Structure formats: C-alpha cells, structure tokens
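Before any comments, here is the structure.
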Amino acid sequence: MTQPEGDRQRIARVVVDSPLPHLDQPFDYLIPDKLSRVRPGFRVRVPFAGRLVNAVVLAVDDTTEFGGRLLDMRSAAYAESYTPESLRLAEALARRAGGSVWDVLRLMAPPRVAAVEKREAEHGDPRPRLEAAAERLTARGEGEAPAHSPRWKGRSVLQALPDPEAPGATPARLLASEAVAAAASGEGSAILVVPDARAVRAVSAMLREAGLERWTPRGGGEFAVLDADDGPQVRYGQYLAALRGEVPLVIGTRPTAMQPVPRLAAMVMWDDAHTAYEDPHAPYLHARTVANVRTELEGNGLVLAAYAPSIEAVSLAEHGWAELVAPSADEVRQATATVDVWDDARREEEGPAGRHWMPPGVWRRANASLAHGPVAIVVPRAGYVAATACARCDAWAECRECGSSLSLPAAGDAPVCVACAHVHVDWHCPHCHGARLAHRRQGIGRIGEQLSAMAGDTPVSLSSGASGVLDDGAVTEGFVVATPGALPAAPGGYGHVVVVDAGVPAGGLGGEIVALRHWLVAAAHARPRSAGGGVSIVGELPALTTRALASWRAAEAAQEAYQERRELGLPPFTRHLRVDGPRVDVSAALRASRAEEQGALVARDDDGASILSPRGAAQGCVDALRETVREQSKAGREPLRVRVDGPLRLQ
C-alpha cells in the first residue's frame, strides 16, 4: 500500500462488482505506474473486502476524500470498454430504475477478450460509401423522388407501413435508410435496434444490397452487428470497433441500445412493443427507456418506428416530447393488403360450417390465392391442443388434482394438465361419464394436420419453435402454417394471410393494442391490395382493435387507449413502482418516499405495495426507495425488492 504524494500519484474512482446495494458507490484506488494506461471506462481488478473483484473506472483524479490508506489497483484491461458518455448513461439509468450502476454496466458491455483489446484502431473514411448507400435506399429508381423524408434529426414516433416490394415483419429499407442517412451526415454514429435475429438479418441484407459491408478487423466495413450468436471474440470486436468510432453504423438487438459510441447522431428502434426489449435482469430496463434517457443526455435524434406503435411510445408524443407521424389514407392503400375481420356474427352467416377454425368463405379466398403465390395460416398457439372439453356434454376437461385445463401434447397422447403436468390416463367426464375429448384451443400442430388433409396435393410447411423456424424467402408456394413470431417473409409477399382463432391476450393492461400489433405484423406479410393481397382475421376482437385492423390506423388506436389510461390514472400517464418485502419494511419505505403526500395512489397487498405516481413526482419516490434499500443493506437486513415501470397486474 502507498500513499499519494503530490501530483505523482493518480487515483481511480471505481464502482465494484457487488450485489449489496449499499456498496453501489465510488471507491478510490491508487493507479500504479505499471498500469499508467488506465483511464475512465477501463475494466480493472481491485482488492475489496479481502478478495479481488471486478470494477470499472468512473473517473481519474489526483486527490481523494478518503482519510485512510489507499490500496493499489492490481490489474487492468488494455483498452477502455466504456466512453465517458456511456458512464454517465449508466448512472442515469441506474437512478431512473432504482438499481445499481454496476448492474447497468454489466448489461452494457460483452465479456472482455484481451487479444481483441490489443488491436490498434484503424480509422478510414466511410462517408462516401455511406452517402452513396443513402441515395440508393431513399429513392426507388432513376429520377424518382425519395420514398420518404428521413426523420432521424428529430424525435419521432412513426407508424410505418410494409414495403410494397418486400412485405414482411421488418421494413428493412425504411429502417436502413434512416440509420444510413444519420451515419452519412458526419454528425456522429447511428444505432439501429431491432427485436430479434430475423430482423438483424433482414436489415443486414438490405445494407449489403445498398453497397455496404459488415466490419471485420482485416477488411474494415461500414456497419457493425452485435449478434449474441457470434463468438465472444467476434462480438467484442464489433463492440470495440463501434466504441472507437471505426465503424459509424451499429445494428443489433436489445443490448445495442446502450452501445457506447464516440458521438451519437441518431438512434432508430423498430417495434418497441416487442417483448424481447424487456430485459429480464436487474434493473429490468426496457430498451425504449434506454433510448429515451440516452436521447435526453446526448441530444441525439430518435425514431421509434412500428406497424403498431406502443401506448408508451404514443405517450411521448402526447406529452410533447416527440412527434407522432402517421401515414395518410392514400399511403395506406398503396402499401397494404385489404384486411377482413370475421367476427362471430359474420361466421354465423356461413351456417354451422362457419364455426370451423377455417370458415368456408375464408377457405375459398385462400385457395384462390394459391395460384399467385404462397398463403400463410397464422396460429396464435404453439403445441398440439391447448385446451379440451367433453365431446358429449361440452364441459371443460379439467385436472382432477388442481382444476386447470387439460391439453393434448400430440395425436394419440393422454391429456395432460397445463399447470401441474399430471397425466390423465383413461380420462372420463365427471358430469356425463363420456370418454371422448373435443379440441377447443388448437395449436399449430393440430391445425397443420387438418390443413394437410384439406389441402390435398398442395404442399404445407410448418414454422414454429418446436418444428423449426423457416428463414425468410424459404417458401415460394403452398401453405405456410406458423405461429406469429415464426412467420417467414415470402418473396413479393403472400397472396393471402389467414389468422385463425384471433383474440386478445389475457392478463395485464392494453390487451387490445397487443392483439392489434400481433395481427398487423402478420398482415404486413401480405402483398399490397393492388397486387391482389388480402388478409382474413378469424375471431372475436374488441371494437377498437377491429377498426384499427381494417383501416391500418394503429397510431389512432394507441392514442385512444392512452386517453383511457389518462382518465383512469394508469401508466404510462402515471409511473408504476412496485415494492416487495416484509409489511413493516414496506410501510417504512412508503413513508420515506412520501408517495401518498405527493398524490400517488398506493395499493397494498400481502407481498408489498404498488405505487401509481404522477410522472413529475415519480423520480423523487424512486430516489427515496433506492436510499431506503441501501440503508437496509448497510444494516445487514434483507433489502426490499423495488421494480420501476414494471408490469401492472389488475385484480
């Protein structure tokens, strides 16, 4: 151990890897001469509580307020893993979510690879190729006007439409054009965040088509891809290339929203309502929240684009923070297929056959469309049969042990409880003693079986997690039966898309908007109406969802849903804070937060309490709860569990 002497010693202020909330604070260490390369953003190893722990350098100074003897830092990385801006972002996100800075930093950067850090950065000038690509992406042909006006310089919530030339779940041309225009501007780097690997592949293919290449250490390139399927060396190499400014365009999934860059010009996020953006690790940040906080801190442009903007995204426009951009009626007609909703009343008009999962009128349209290309059948449920009933008296088949529904894992299998997995061999109805089961909620496996029998010689392909997800462009004819997230794009779009047993998800808020998003994404796979494309949605849906589907007015539906939330005082008009723990500790934390005094609604239950706070007072409540958790941790007690902006369950 050594003491600092004058200006000769450098002192690192670090945050250490610890699960204890009261240790989420800076600690000072001496930087020895052998580690003179250390700067803010370096990952290091320091002695702490009798052992070596990982840490990140937040700042370097020549003075300390610590009155004792400082310990030496033991080892350090060869290059920084964070920029000064990303360190400030981590602190801001930790405060907003009531979590620890270390947890945010852990989620921000992939694991280190020393050999990658030792590589010297090489800076070329990618702007000429980016400018050329931007021109190719924003114009449809020689002499034509741009397909759209880029919006990356402002803050926009954009209701997008399918690309008429390449219908599918991801409008790759639109997203690529926004990101490339920002990267080519010379104002900084651009980040494009998409929900899954399929979207990453679609955008990457569009960028290559525009003349750009993915960055490699030897060959360079114009865009980096952060892909969890890549090995540690490749992923960390892409991360560092973006951090150092070697590549001005970054594409990836949820963690990419936190990707450090020298200067951020714009961030583009696709489909912010996708559940993949919800981080399951503490402090449970949503990628949209990361984007919003980062935009406030760094002043970059932001585009939140989706076929069906989330209520949370629309609320940003309602609060005046962003601009809501929706397509005109003419743009909708040119880009989309005709959507036809087959509700219960319409199915009754078809007679008894109308109650089949494929009403005769829908079957005729689907069959007629086969002459022009493949037809998609979208099934909401995976598996074989999710729920059954007695075929004689129509009573629901229930588990003898717990009363939950009985499912069928496969053809010929005995029914199994969906909750406790109890197998019911030789099942008999307790009401009428019937022994035959009727299928009530059929999954993709059973629908696929029936469709194969109905289709005759027409090929039928399945795409789901269990059977294997088909790649975009893999099917060019016949029927494709798929779960919503596994539907592959077809070249030129499907002639017809049928959604069977459409409904609204149970539980939670905003089920009607969730359903709207699911079925609009499915409808986006159909070719435009001018090319004969059509969509049939079979099921009973709320009036709001039905109107928005038929007119493609998703943004208006989200606005209407937001106004309902506003009247009821529900998120996102308010913010939801959840506190779990012993009742005495929860009560003490609520008093310390002064939530009720500031107009918050507090609902207590056996596990803790939910707080619906006015947005202006929410951060103060979070800060107070965070400090309470730290005090409990310091006293050696089990700290309360606090989650900010988590799901709100209505009982």
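The values are calculated or read from the model by the stated rules, or taken from the named source; none is laboratory data. Just so it is clear, the model here is predicted, and its values are computed rather than measured. A quick note on method: Cβ atoms are made from the backbone with ideal geometry, for glycine too, and the neighbour counts reach across all protein chains shown. When the accessible area is computed, the model is the full protein with side chains, heavy atoms only, and any ligands, DNA or RNA have been set aside. Shrake-Rupley method; radii C 1.70, N 1.55, O 1.52, S 1.80 Å.
Figures for the structure shown
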read-out: Charge-dipole axis of segment 374-444 as Lys and Arg at +1 and Asp and Glu at -1 on Cβ define it, positive-most pick from 416, 404, 375; value: 375
read-out: Solvent-accessible area per residue for segment 212-313 (1.4 angstrom probe, square angstrom); value: 31
read-out: Helix 232-243 axis, angle to the chain major axis (alpha carbon atoms, nearest 10°); value: 70
read-out: Portion, in percent, of the accessible area of the chain that falls on carbon or sulfur, probe 1.4 Å; value: 48
read-out: Label of the coordinate-derived value, Cα extents along the principal axes in Å, listed as (i) 70, 65, 52; (ii) 67, 58, 50; (iii) 92, 68, 46; value: (iii)
read-out: Angle in degrees between helix 615-634 and the longest Cα principal axis of the chain, rounded to the nearest 10; value: 60
read-out: Cβ charges +1 (Lys, Arg) and -1 (Asp, Glu), total dipole of the chain, debye; value: 880
read-out: Lysines with Cα under 18 Å of residue 34, excluding same-chain neighbours fewer than 8 positions away; value: 118
read-out: Cα shape, segment 591-651, gyration tensor, a/c 1.5 rule; value: oblate
read-out: Prolate/oblate/rounded call for segment 506-651, Cα gyration tensor, a/c under 1.5 rounded; value: prolate
read-out: Cα centre as origin, Lys/Arg/Asp/Glu Cβ charges: segment 243-357 dipole, Debye; value: 540
read-out: C-alpha center-to-center spacing [segment 563-611, segment 478-503] in angstrom; value: 42
read-out: Residue among 598, 233, 433 farthest towards the positive dipole end of the chain, charges placed on Cβ; value: 233
read-out: Positive dipole terminus of the chain, leading residue within 636, 197, 647 (C-beta point charges); value: 636
read-out: For segment 125-224: rounded, prolate or oblate by the Cα gyration tensor [a/c cutoff 1.5]; value: rounded
read-out: Qualifying GluC sites (Glu not before Pro) for segment 331-384 [loop in DSSP, other Cβ within 10 Å: at most 13]; value: 349
read-out: Accessible area expressed per residue, segment 504-605, with surrounding protein chains retained (probe 1.4 Å, Å²); value: 42
